[in-house]
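Enquirer: Next up is a structure, given as structure tokens.
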């Protein structure tokens, strides 16, 4: 009998304990739900009630600070700082809370408070890229350049995605390429090309060349991607800097370990026999696929060697085709002899294929167009004479088909091109300067 009452008492005690635990959980859940509701209300008074309702809720105090600091009608930075201080008190190991406090201090002119907050965040999270990044930019704004560059460098070591932004930030503060190359960038090809791309976008020629030399030095250990040099080369071509383009092209080919077929017989056309892979940029051939035509290298049909360029037309469009071209460094006041071997098969319509040769900067002064190529022909040499002006530093060679004006205008057929040369005549054959 006693055992029966004893078991009943235990069950009753367990039941009471479970009820108490459930009530506590329900109470806590209700309090958290209410705090969440008040915290999400967007009203300062409600957010304050939420912050006081749940002890240790640093996020609520942080949100209160943001509400006070960024209130459009009545911003109150000092009150915001008091809330941010409460947030770091509730969670002193939160680097993000310390960063927010530091930014608020800086906005009120309290530089010492801001620096102390950043140092606290860094002490607790010494490897945090975000802390180093924010602290470094703060130091930049304060004019503490050496320490700022050290912090930004530390951030990039941990988070390379910050590299483009870091380059721009430092450049905007002090446009000195040596600060970027020598102080903030890690020893890394991607970082160096990010710097190069930024400098190209800013049209900073001398800085671009310095960044390029650093890339060349690093390439001794690891080949670079040739494609990544094309923006620099295009920028220098646009600036008419022939000598720099030639030098950088040679260095880029060597640094990338790119297979090459250099010009022969003093021709300035690169890879004129299409024997090497086409780089599709720089001083090699450039082509762009377009609907109604397809461009490829043909290893079956060729005039010499083992490859030729093949352009096939589908008969579906009246194309203005100018999608195969090359830019070559050229000498001023010089006569060049152009030659290319061409084979055609069933090229239709009245408008066939031509070669155009011109100065890309001064097309009105120098422009050569070879005769129309139609129908089917065996391998045939196409020739022309090109005379450069006193200002010419580059020539552009382009395979072009002009749109037809007739009703039956959709081009069909195939053209092969091989053994393309553009060779300067001896000095005695050059025309006198203008």
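The values are calculated or read from the model by the stated rules, or taken from the named source; none is laboratory data. Since the structure is predicted, the reported quantities are computational estimates derived from the model, not experimental observations. Cβ: placed from backbone, ideal geometry, glycine included. Neighbour counts: every protein chain shown.
Enquirer: Output the residue which, of all residues in the stretch 198-226 that are farther than 23 Å from residue 176 by Cα and surrounded by fewer than 16 Cβ atoms within 10 Å (Cβ to Cβ), is modelled with the highest pLDDT.
Expert: Pass one, the stretch 198-226, residues farther than 23 Å from residue 176 by Cα: 219-226.
Cutting the leftovers down to surrounded by fewer than 16 Cβ atoms within 10 Å (Cβ to Cβ) gives us 220-223, 225.
On the way: 220: 82, 221: 81, 222: 88, 223: 92, 225: 95.
Looking at residues that are farther than 23 Å from residue 176 by Cα and surrounded by fewer than 16 Cβ atoms within 10 Å (Cβ to Cβ), I get 225.
Enquirer: How many residues, within the stretch 334-350, are part of a loop (DSSP other than H, G, I, E, B) and either assigned by TED's automatic domain parsing to the domain that holds residue 241 or modelled with pLDDT of 95 or more (or both)? Walk me through how you get there before you give the answer.
Expert: Pass one, the stretch 334-350, residues part of a loop (DSSP other than H, G, I, E, B): 334, 348-350.
Among the residues that remain, those that are also either assigned by TED's automatic domain parsing to the domain that holds residue 241 or modelled with pLDDT of 95 or more (or both) are: 334.
The total comes to 1.
Enquirer: Follow-up. Scan the stretch 398-414 for residues that are more than 19 Å from residue 298 (Cβ to Cβ) and either part of a strand (DSSP E or B) or in contact with a helix residue (DSSP H, G or I) (Cβ under 8 Å, 6 or more places away or on another chain) (or both) and jot them down.
Expert: Within the stretch 398-414, 398, 400 meet the criteria.
Enquirer: Could you check, for the stretch 364-371, whether at least one of its residues is farther than 23 Å from residue 273 by Cβ, in the same structural domain as residue 301 (by TED's automatic domain parsing), at pLDDT below 95 and out of contact with any strand residue (DSSP E or B) (no Cβ under 8 Å at 6 or more places or on another chain)?
Expert: yes
Enquirer: Still on this structure, I have one more. For the structure I just gave you, tell me whether residue 381 is at pLDDT below 95 and surrounded by fewer than 12 Cβ atoms within 10 Å (Cβ to Cβ).
Expert: no
Enquirer: With the requirement that a residue be under 30 Å from residue 408 (Cβ atoms) and either outside any strand (DSSP E or B) or modelled with pLDDT under 95 (or both), what does the stretch 301-320 give you? I'd like the intermediate steps shown before the answer.
Expert: We begin by selecting, within the stretch 301-320, every residue under 30 Å from residue 408 (Cβ atoms); these are 301, 308-320.
301, 314, 315, 316, 317, 318, 319, 320, listed by residue number.
Enquirer: Looking at 216, 245, 269, which one is in contact with a strand residue (DSSP E or B) (Cβ under 7 Å, 6 or more places away or on another chain) and assigned to a helix (DSSP H, G or I)? Can you show your working first?
Expert: On the way: 216 fails: in contact with a strand residue (DSSP E or B) (Cβ under 7 Å, 6 or more places away or on another chain); 269 fails: assigned to a helix (DSSP H, G or I).
245 is the lone residue from the list that is in contact with a strand residue (DSSP E or B) (Cβ under 7 Å, 6 or more places away or on another chain) and assigned to a helix (DSSP H, G or I).
Enquirer: Could you grab me the full set of residues in the stretch 172-209 that are over 18 Å from the mean Cα position of the chain (by Cα) and within 17 Å of residue 140 (Cβ to Cβ)?
Expert: 172, 173, 174, 175, 176, 177, 178, 179, 182, 183, 184
Enquirer: Enumerate the pairs (first residue in the stretch 96-116 and modelled with pLDDT under 90; second residue anywhere and surrounded by fewer than 24 Cβ atoms within 10 Å (Cβ to Cβ) and not in a helix (DSSP H, G or I)) with beta-carbon separation below 7 Å, excluding pairs fewer than 6 apart on the same chain, so at least 6 apart or on different chains.
Expert: Matching pairs, first to second residue: 97/91.
Enquirer: Scanning for something crowded, with 17+ Cβ neighbours inside 10 Å and more than 16 Å from residue 78 (Cβ to Cβ), does the stretch 110-117 turn up at least one residue?
Expert: Scanning the stretch 110-117, I find at least one residue that is crowded, with 17+ Cβ neighbours inside 10 Å and more than 16 Å from residue 78 (Cβ to Cβ), so the answer is yes.
Enquirer: Do we find a residue being closer than 22 Å to residue 111 by Cα, buried (at least 20 other Cβ atoms within 10 Å of the Cβ), assigned by TED's automatic domain parsing to the domain that holds residue 227 and in contact with a helix residue (DSSP H, G or I) (Cβ under 6 Å, 6 or more places away or on another chain) anywhere in the stretch 177-197?
Expert: Taking the stretch 177-197 first, the residues closer than 22 Å to residue 111 by Cα are none.
Within the stretch 177-197, not a single residue is closer than 22 Å to residue 111 by Cα, buried (at least 20 other Cβ atoms within 10 Å of the Cβ), assigned by TED's automatic domain parsing to the domain that holds residue 227 and in contact with a helix residue (DSSP H, G or I) (Cβ under 6 Å, 6 or more places away or on another chain).
Enquirer: Looking at 45, 121, which is the one that is crowded, with 20+ Cβ neighbours inside 10 Å and either in a helix (DSSP H, G or I) or at pLDDT below 80 (or both)?
Expert: On the way: 45 fails: crowded, with 20+ Cβ neighbours inside 10 Å.
Just a single option satisfies the conditions, and that option is 121.
Enquirer: If I filter the stretch 230-264 down to residues being over 18 Å from residue 209 (Cβ atoms) and in contact (Cβ under 8 Å) with a residue 40 or more places away in the chain, which single residue comes out as surrounded by the most Cβ atoms within 10 Å (Cβ to Cβ)?
Expert: Here the residue is 263.
Enquirer: So, residue 411, is that one under 38 Å from the mean Cα position of the chain (by Cα), farther than 22 Å from residue 270 by Cα and crowded, with 17+ Cβ neighbours inside 10 Å or not?
Expert: Details: under 38 Å from the mean Cα position of the chain (by Cα): yes; farther than 22 Å from residue 270 by Cα: yes; crowded, with 17+ Cβ neighbours inside 10 Å: yes.
Considered against the rule, which asks whether it is under 38 Å from the mean Cα position of the chain (by Cα), farther than 22 Å from residue 270 by Cα and crowded, with 17+ Cβ neighbours inside 10 Å, residue 411 comes out as yes.
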